[in-house]
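Here's the structure, in structure tokens; my notes come after.
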Amino acid sequence: MKIHEFQGKELFRKAGVPVLEGIVAKTPEEAAQAYDKLGGKIAVVKSQIHAGGRGKGTVIDNPKQHGVVLCKSADEARAAAEGLLGKKLVTIQTGPEGQTVNQVFVEAGCDIARELYLGIVLDRGDKKPVLMVSTEGGMEIETVAEETPELIFKEHFDPHVGLEPYQVRKLCKKLGITGAAAKAASRFMPAMCRFYVDYDCEMAEINPLVITGDDQMVALDAKITFDNNALYRHPELAEFRDLSEEEPSEVRATDAGLSYVKLEGNIGCLVNGAGLAMSTMDIIKYHGGQPANFLDVGGSANEEQVTEAFRILLSDPNVKGVLVNIFGGIARCTTIAAAVIAASKTVGFKVPLVVRLEGTEVEEGRKMLAESDVDIITASDITDAAQKIVAATGV
């Protein structure tokens, strides 16, 4: 689950990670009032969407309007908010369609001496979280990693112990941080690592992390993603979920107990098991097709879930055909076959449907499909299935 910057900073503050004062605004007038309330000579109006690169992002109808605007008066804050609210902002992470800005964050300015980067993710190879820092704050970290990877410094840490003092000293030396700023880092970096672990984050990123003129470290950004599988441990985070920022079909799938990610292709995929779903997408691509989604109905899918899965797939106007690829284990092939037949009556298939079944009760399942009145193209294996759905969709 992703959250907005202002929400992340609220959590940072509670965790002892220094942030600036800021106020959320949903109208231009609220933005002007927020500027006055903050009481400084400058403030920054920041679009709040679930995507990075907002500072360099532009509004679709007004390329001169960026997603982050420095303001020196209440009138400028009002104008900046007016140029963003209700508009589609396009960034490096949104795609060309952009995302609608429903609220802005008016944040106090500060004396910036240096801009750094800090991020924490799980290193699956080392099976530990890794803290990454760089001197290239404000830059897309993907660009830094590709062009100047030597400027990214890493320290793995034990989640039960946290980041140790000697590790902070190592990173400060590589970043060229000394004196009072190093002392600030000795508090800031371990606090961020504790935050990452305590909240079961998948990613916690600050770009830029700034050192102020008085040698303090401040999180000027907050980009956080939580592990959905651990959210039951953090019921207080439920109020931070913004459904308007999520793909509606993905929300619908989650409510039905399905794992679904919308993609840009035209071949819908209904598969049981994440690994098989990935393989199905790969082989569709291999044979010249484009998968329209990742969809794992799980090992215990029932008729209701499979029917809802078909509804979600067929609600995508880009879908020109559907491939059902099932390896029956816990979910038997007869169960899936019955669900496909029932779904055909409830939903109705107006696009080609290729079905490949294998595993427990496969012969019985194939017989059920063959004796039904559902218009199905059967496949003997995954390669045969991919070739047939690609051909049927006219790719």
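Looking at (1) in contact (Cβ under 8 Å) with a residue 60 or more places away in the chain; (2) under 17 Å from LYS26 (Cα atoms); (3) of a type in the set (Lys, Arg), can you tell me which one LYS88 breaks?
With respect to (1) in contact (Cβ under 8 Å) with a residue 60 or more places away in the chain; (2) under 17 Å from LYS26 (Cα atoms); (3) of a type in the set (Lys, Arg), LYS88 is out only on (1).
Can you pull out the residues in the stretch 329-342 that are touching a residue at least 40 places away in the same chain (Cβ under 8 Å) and either closer than 16 Å to CYS269 by Cα or not assigned by TED's automatic domain parsing to the domain that holds ILE382 (or both)?
ILE336
So which residues in the stretch 322-345 are out of contact with any Phe, Trp or Tyr (no Cβ under 8 Å at 6 or more places or on another chain) and either assigned to a strand (DSSP E or B) or basic (Lys, Arg) (or both), if there are any at all?
Passing the criteria: LEU323, VAL324, ASN325, ILE326, PHE327, GLY328, ARG332, LYS345.
Scan the stretch 337-357 for residues that are of a type in the set (D, E, K, R) and modelled with pLDDT under 90 and jot them down.
LYS345, LYS350
With GLU29, GLU10 as the choices, which residue is free of Cβ contacts under 8 Å to residues at least 40 places away in the same chain and charged (D, E, K, R)?
Exactly one of GLU29, GLU10 is free of Cβ contacts under 8 Å to residues at least 40 places away in the same chain and charged (D, E, K, R), namely GLU10.
Answer yes or no as to whether LEU118 is buried (at least 20 other Cβ atoms within 10 Å of the Cβ) and assigned to a strand (DSSP E or B).
Details: buried (at least 20 other Cβ atoms within 10 Å of the Cβ): yes; assigned to a strand (DSSP E or B): yes.
It is true that LEU118 is buried (at least 20 other Cβ atoms within 10 Å of the Cβ) and assigned to a strand (DSSP E or B).
Of everything in the stretch 86-101, what is over 16 Å from the mean Cα position of the chain (by Cα), part of a loop (DSSP other than H, G, I, E, B) and within 11 Å of GLY67 (Cα to Cα)? Give them in sequence order.
LYS87, VAL101
Hey, can you tell me all the residues within the stretch 29-59 that are surrounded by 19 or more Cβ atoms within 10 Å (Cβ to Cβ), in a helix (DSSP H, G or I) and either out of contact with any strand residue (DSSP E or B) (no Cβ under 9 Å at 6 or more places or on another chain) or modelled with pLDDT under 95 (or both)?
The answer is none; no residue qualifies.
Tell me which residues, restricted to the stretch 1-28, are part of a helix (DSSP H, G or I) and of a type outside the set (S, T, N, Q).
Residues of the stretch 1-28 part of a helix (DSSP H, G or I): 5-14, 28.
Of everything in the stretch 1-28, those that are part of a helix (DSSP H, G or I) and of a type outside the set (S, T, N, Q) turn out to be GLU5, PHE6, GLY8, LYS9, GLU10, LEU11, PHE12, ARG13, LYS14, PRO28.
Since PHE105 meets every condition but one in (1) surrounded by 16 or more Cβ atoms within 10 Å (Cβ to Cβ); (2) of a type outside the set (A, V, I, L, M); (3) in contact with a Ser or Thr (Cβ under 6 Å, 6 or more places away or on another chain), which condition does it not meet?
With respect to (1) surrounded by 16 or more Cβ atoms within 10 Å (Cβ to Cβ); (2) of a type outside the set (A, V, I, L, M); (3) in contact with a Ser or Thr (Cβ under 6 Å, 6 or more places away or on another chain), PHE105 is out only on (3).
Pairs, please: C-beta under 8 Å, at least 6 apart or cross-chain, first residue buried (at least 16 other Cβ atoms within 10 Å of the Cβ) and in the stretch 366-378, second part of a loop (DSSP other than H, G, I, E, B)?
LEU369/ILE376; VAL374/PHE349; ILE377/PRO352
Among the residues of the stretch 231-245, which ones are more than 16 Å from ASP198 (Cα to Cα) and in contact (Cβ under 8 Å) with a residue 12 or more places away in the chain?
PHE240, ARG241, ASP242, SER244, GLU245
So if I check each of TYR199, TYR166, which one is hydroxyl-bearing (Ser, Thr, Tyr) and under 30 Å from HIS234 (Cα atoms)?
TYR199
Return the residues of the stretch 77-86 that are surrounded by fewer than 19 Cβ atoms within 10 Å (Cβ to Cβ) and under 24 Å from LYS9 (Cα atoms); say none if nothing qualifies.
GLU82, GLY86
Being surrounded by 14 or more Cβ atoms within 10 Å (Cβ to Cβ) and under 15 Å from the mean Cα position of the chain (by Cα) is the filter here; which residues of the stretch 232-250 pass it?
PHE240, ARG241, ASP242, GLU245, GLU246, SER249, GLU250 - these are the residues of the stretch 232-250 that are surrounded by 14 or more Cβ atoms within 10 Å (Cβ to Cβ) and under 15 Å from the mean Cα position of the chain (by Cα).
Please indicate, with yes or no, whether at least one residue in the stretch 13-28 is more than 27 Å from MET217 (Cβ to Cβ), surrounded by 18 or more Cβ atoms within 10 Å (Cβ to Cβ) and not assigned by TED's automatic domain parsing to the domain that holds ALA219. Please lay out each step first, then the result.
Applying the first criterion (more than 27 Å from MET217 (Cβ to Cβ)) to the stretch 13-28 yields 26-28.
If we keep only those that are surrounded by 18 or more Cβ atoms within 10 Å (Cβ to Cβ) as well, we get 28.
If we keep only those that are not assigned by TED's automatic domain parsing to the domain that holds ALA219 as well, we get 28.
The answer is yes; a qualifying residue exists.
Any idea which residue in the stretch 144-185 is farthest from SER134 (Cα to Cα), counting only those that are surrounded by fewer than 14 Cβ atoms within 10 Å (Cβ to Cβ) and of a type in the set (Val, Ile, Thr)?
VAL161
The values are calculated or read from the model by the stated rules, or taken from the named source; none is laboratory data. Computed from a prediction, not measured in an experiment: that's the story for all the values here. When we count neighbours, we look across all protein chains shown, and the Cβ atoms used for this are built from the backbone with ideal geometry, even at glycine.
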